[in-house]
Amino acid sequence: MRPILMKGHERPLTFLKYNRDGDLLFSCAKDHTPTVWFADNGERLGTYRGHNGAVWCCDVSSKFCAGCLRDSMMLITGSADQSAKLWNVQTGAQLFTFNFDSPARAVDFAVGDKLAVITTDPFMGLPSAIHVKHIARDPSEQTGESVLTIKGPQGRINRAVWGPLNKTIISAGEDAVVRIWDSETGKLLKESDKETGHKKTITSLTKSADSSHFLTGSLDKSAKLWDIRSLTLIKTYVTERPVNAVAMSPLLDHVVLGGGQDASAVTTTDHRAGKFEAKFFDKVLQEEIGGVKGHFGPINAWHSIQMVKGFDKLVGPYIMDISFSSGGEDGYVRLHHFDPDYFHIKI
Amino acid sequence: MAEAASMEEIRATASRLGIDLSEVDLDTIRLPPGEDLGIKSDDEDLNEDDPLEFDGGFGNIIVVDNLPVVPKEKFEKLEGVIRKIYSQIGVIKEDGLWMPIDPSSHKTLGYCFIEYNTPQEAELAREKTHNYKLDRFHIFAVNMFDDIEKFLKVPDEWAPPETKPYTPGENLQKWLTDEKARDQFVIRSGSDTEVLWNDARHLKPEPVYKRSFWTESFVQWSPLGTYLATVHRQGAAVWGGATTFNRLMRYAHPQVKLIDFSPGENFLVTYSSHEPSNPRDTHRVVLNIFDVRTGKVMRDFKGSADEFAVGGTGGVTGVSWPVFRWGGGKDDKYFARIGKNVISVYETETFTLIDKKSIKVENVMDFSWSPTDPILALFVPELGGGNQPARVSLIQIPSKEELRQKNLFSVSDCKMYWQSNGDYLAVKVDRYTKTKKSTYTGFELFRIKERDIPIEVLELENKNDKIIAFAWEPKGHRFAVIHGDSPRPDISFYSMRSTSNTGRVSKLTTLKGKQANALYWSPAGRFIILAGLKGFNGQLEFFNVDELETMATAEHFMATDIEWDPTGRYVATSVTSVHEMENGFNIWSFHGKLLYRILKDHFFQFLWRPRPPPFLSPEKEEEIAKNLKKYSKKYEAEDQDVSLLLSEQDREKRKMLKEEWERWINEWKRLHEEEDLERQKLRDGEASDEEEEYEAKEVEVEELLDVSEEVLSFDFGQE
């Protein structure tokens, strides 16, 4: 099916996120305004104005906390302007700003939305850090104090997410090591093995729907599937391009890897050499099953991929959506809906 | 060696001596030279790395003998003369000229030492000034300092060399006896060089031998596949053996850059070029010709790069490679090189020029050997502004007799293509149009094996078409030409025979608008790959020339190289490290089915191991081809067994993976359920997050769109 082209950003895309229901799509880009779209038709719903730097990551609270927040969801964004902000999804109002001394990178709400993890980059001699913040029920009571700050790993932390029952935090980044931390004490619990683990910067990390396992993508041209509790390496998906973004299908045993060579090298080669397609792999057999071409023009490098099982009150659970940005300098988001055939792939 | 003190001991000692360790800057401590206090330095092994580097540290010193013996008063004058002579050749080091004086007579001893900056300069000085006549009585005798020692060791009496006991060598052609008749290939990626079997049946390569840092620049098979040559700083080496790869011979040639085997792999030509440290000096090149088996230098050539830069195309900076082109087929009888207005043909019995002189050809531009016979084809361009026509001539060696000559007019360039059996020679001639503003191309086709060597002229239907590629069918009578404009050129096939007349060229077909810029014939003929490399991103078309039909089209994205295996059964396409991405190779069957694909980062080289020509006579080969069914039965059965086994294994593997996955899933499900309550608590008692909460309901919605009332009147009156 023809992808929907969503033109709303002026700079490269950095992150995409669906809300739980799969009806809204949040996009972050290097321009300063995160944007929310209708996932169904790609119509722009609104923007969140207030950041003064590239926005690297966002997360949206689950609907079940909605009651406490006057029936609306909360969005958290991490930005290079050295802050993370809380927003009212519905109104676009800024609820709170967490200020840091270095650019904020990854953000993630815990189950229950009472805690959030925010990572900050190494900057002006400061090491990278993982901050845990308490999220107040009432935004007016929100404070900027950290419940916990973890320092230690070298290099940028590209992603940090909560483990099961909010007991652990999983982080991954430039040093190619996946780490599991105790979210209470900040103690390092586990580290991925250097031998079997990634060899280069881990660019993305995504959890399964039930938070039982997670997938990491790395510039070493592979993606790896790990058990979230024991950090056991379960699968490795090998591809021929650096992996920038990964996603897992919640319905089928498929994983999607997006990537491509670095934006700075793109213009030196043929447009197809960059490898900007999203590649589908069988999650179990680790075999490539297909690809989606998405680029136009030679200047796109970054993919963000999300998959979600959608729900519609009238038709019940509907098929999932995949969308991935193919926006280099043009900043387009491409929204792909699957053809029915996709759900009957036999291999 | 004393044991290194532990940190504890150091602290204890420090506190005893009243030293605050934190104030000691370790970097400022200097050990006495040569003393390591029993601590082995980390970089010690660096020094052991390459002892050969230090061999002959006096390589840049020469000894000049037969100088005049002069008294003290004339010492400075003599020194001035010597300095003048030798500083022309290279840079003499400061204090690099030393002329010893006899302490008793206060006269010089008649010799001196000169130290240059580089061994190359010293070598050059030795060459240039040996036998230099200073005056009638003083003829210089110049030697390398390193050689003096060698000369001293020469015993005064000759002793017969020891006869070494005979040790049977390995069967260097064992790989040909592979039961499955597989072919080998070598690949180089990263620092590893690997030799592998192409196990097409199992759809994967099977390792034979692997070695890291096997070569310092590239590897090369000898033309018959017996040896694998590696190139190092100190020289080249060849490897081979029955089951593994052992070093068979080394060929010392410092800084060797290029190597080339003779077609019968009896000789190896090595080449090095030495950039002068002083730009005014000549750029020197050294060529050695070794006997492959004994490792003996048969002949060496030294000279300036300009001498070797004439003629031919391609090659490396300064020279056209190969400098020496081998002629006369697999016997390695002759080799030749082109010089200014000459072609020098050497024969390998004595390694001297045939008849002691080169063939003089005014302004010769290019030459090539017939691949099978000792026949030279050479091209001389137009002279005197067109007064003297350009010509292509065929010359028989060793008689140097001209077999055939063809004069050509208004020629801009010529290229010669020999058919692999030496039956035909195609000369591509670019001619100027009348206005001299553009060129068009035609072919002169020589039938070498026929009486009087008839020549036929072939012109393309559209004379203005550019020729992009030309290739003869190996061992065959057909050739293919890519012509036309670059985006979608046409490809034509011609045969040297036509149906009615065996002596006429006929066109077989023209394929219009193909995305191709290179032609790769199967070594067995009949099949050809029309490839679109570079700008066409690796488009491949597998074409059957017998049936004139396309068997398959495929793509190996970004492919840079294509090579048929020596039997013509498989094709390898590879993406080498000129591209950053996609490095690796694909193996295809001859009809264009992708068999397997291997990705390797930093992929440099893929080379099939060549095979020597078969011993079967052409008649016998034909007979086998005729009765192929009889022979193939056995192999087909084997193929089937293997493919059954493969699919069985594949199923097993998949089943195992699925089962393993199931186990994980179940484990996760269990844990997920266990934690369900806790999760609810985290969510303040909100029901679960799961989608299972939703129920799929079918809802029928009826919508009333419009209601309108209308009174219908019935007329009963008509009845």
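The values are calculated or read from the model by the stated rules, or taken from the named source; none is laboratory data. This structure is a prediction, so every number in the text was calculated from the model and none was measured. Note that each Cβ is placed from the backbone with ideal geometry, even for glycine, and that neighbours are counted across all protein chains shown. Note: areas computed on protein heavy atoms with side chains; ligands, DNA, RNA excluded. Shrake-Rupley method; radii C 1.70, N 1.55, O 1.52, S 1.80 Å.
Quick notes
- Neighbours by Cβ (under 7 Å, 6+ apart or cross-chain): first from region A:209-220, buried (at least 19 other Cβ atoms within 10 Å of the Cβ); second acidic (Asp, Glu): A:HIS213/A:ASP227
- Among the residues of region A:233-260, those that are at pLDDT 90 or above and either open to solvent by 10 Å² or more (accessible area, probe 1.4 Å) or part of a loop (DSSP other than H, G, I, E, B) (or both) comprise A:LEU233, A:ILE234, A:THR236.
- Identification of strands (runs of 3 or more DSSP E) wholly contained in region B:381-420 with 1 or more residues that are on the phi > 0 side of the Ramachandran plot yields no element.
- Residue check, B:LEU628 more than 23 Å from the chain's Cα centre (by Cα), open to solvent by 50 Å² or more (accessible area, probe 1.4 Å) and touching a residue at least 24 places away in the same chain (Cβ under 8 Å): no
- Test: residue in region A:68-79 that is at pLDDT 80 or above and open to solvent by 40 Å² or more (accessible area, probe 1.4 Å): no
- Selection count where residues are over 19 Å from B:TRP321 (Cβ atoms) and either free of Cβ contacts under 8 Å to residues at least 12 places away in the same chain or not in a strand (DSSP E or B) (or both), scope region B:365-380: 4
- Tabulated pairs, region A:140-166, first touching a residue at least 40 places away in the same chain (Cβ under 8 Å) and β-branched (Val, Ile, Thr), second open to solvent by less than 20 Å² (accessible area, probe 1.4 Å) and part of a loop (DSSP other than H, G, I, E, B), C-beta under 7 angstrom, 6+ apart or interchain: A:ILE157/A:SER128
Table: residues versus (1) open to solvent by 50 Å² or more (accessible area, probe 1.4 Å); (2) over 13 Å from B:GLN120 (Cβ atoms); (3) outside any loop (DSSP other than H, G, I, E, B); (4) of a type in the set (A, V, I, L, M).
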{"position": "B:VAL256", "(1), (2), (3), (4)": "no, yes, no, yes"}
{"position": "B:PRO263", "(1), (2), (3), (4)": "no, yes, no, no"}
{"position": "B:THR282", "(1), (2), (3), (4)": "yes, no, no, no"}
{"position": "B:VAL285", "(1), (2), (3), (4)": "no, no, yes, yes"}
{"position": "B:ASN288", "(1), (2), (3), (4)": "no, yes, yes, no"}
{"position": "B:GLY295", "(1), (2), (3), (4)": "no, yes, no, no"}
{"position": "B:GLY303", "(1), (2), (3), (4)": "no, yes, yes, no"}
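- In region A:5-29, the residues that are surrounded by fewer than 20 Cβ atoms within 10 Å (Cβ to Cβ), more than 20 Å from A:ALA93 (Cα to Cα) and either more than 14 Å from chain B (Cβ to nearest Cβ) or not acidic (Asp, Glu) (or both): A:LEU5, A:LYS7, A:GLU10, A:ARG11, A:ARG20
- Output for region A:168-189, where each listed residue is over 22 Å from the mean Cα position of the chain (by Cα) and not small (Gly, Ala, Ser): A:GLU184, A:THR185, A:LYS187, A:LEU188, A:LEU189
- Residue tally, condition of a type outside the set (S, T, N, Q) and more than 10 Å from chain B (Cβ to nearest Cβ), over region A:221-230: 3
- Checking B:LEU682, B:LEU677 one by one, the residue that is at pLDDT below 90 and either at the interface with chain A (Cβ under 8 Å from one of its Cβ atoms) or within 13 Å of A:SER212 (Cα to Cα) (or both) is B:LEU682 and no other.
- Of all residues in region B:688-697, at least one satisfies being more than 9 Å from chain A (Cβ to nearest Cβ) and modelled with pLDDT under 80.
- Counted residues, region B:552-594 - those being open to solvent by less than 60 Å² (accessible area, probe 1.4 Å), part of a strand (DSSP E or B) and either within 14 Å of chain A (Cβ to nearest Cβ) or aliphatic (A, V, I, L, M) (or both): 11
- Among the residues of region B:149-204, those identified as crowded, with 18+ Cβ neighbours inside 10 Å, within 15 Å of B:PHE245 (Cα to Cα) and free of Cβ contacts under 8 Å to residues at least 40 places away in the same chain are B:THR193, B:GLU194, B:LEU196, B:TRP197.
- Taken over region A:187-217, residues that are under 22 Å from A:LEU16 (Cα atoms) and either more than 14 Å from chain B (Cβ to nearest Cβ) or basic (Lys, Arg) (or both) amount to 9.
- Boolean, A:ASP138 is under 30 Å from A:LEU219 (Cβ atoms) and either within 14 Å of chain B (Cβ to nearest Cβ) or out of contact with any helix residue (DSSP H, G or I) (no Cβ under 6 Å at 6 or more places or on another chain) (or both): no
- Out of B:GLN649, B:GLN605, sole residue that is touching a Lys or Arg at 6+ places or on another chain (Cβ under 7 Å) and open to solvent by 20 Å² or more (accessible area, probe 1.4 Å): B:GLN605
- B:THR226, sole failed condition from (1) part of a strand (DSSP E or B); (2) at pLDDT 90 or above: (1)
- Filtered residue count, region A:106-125, keeping only those that are open to solvent by 40 Å² or more (accessible area, probe 1.4 Å), among the hydrophobic types (A, V, I, L, M, F, W, C) and more than 14 Å from every other protein chain (Cβ to nearest Cβ): 2
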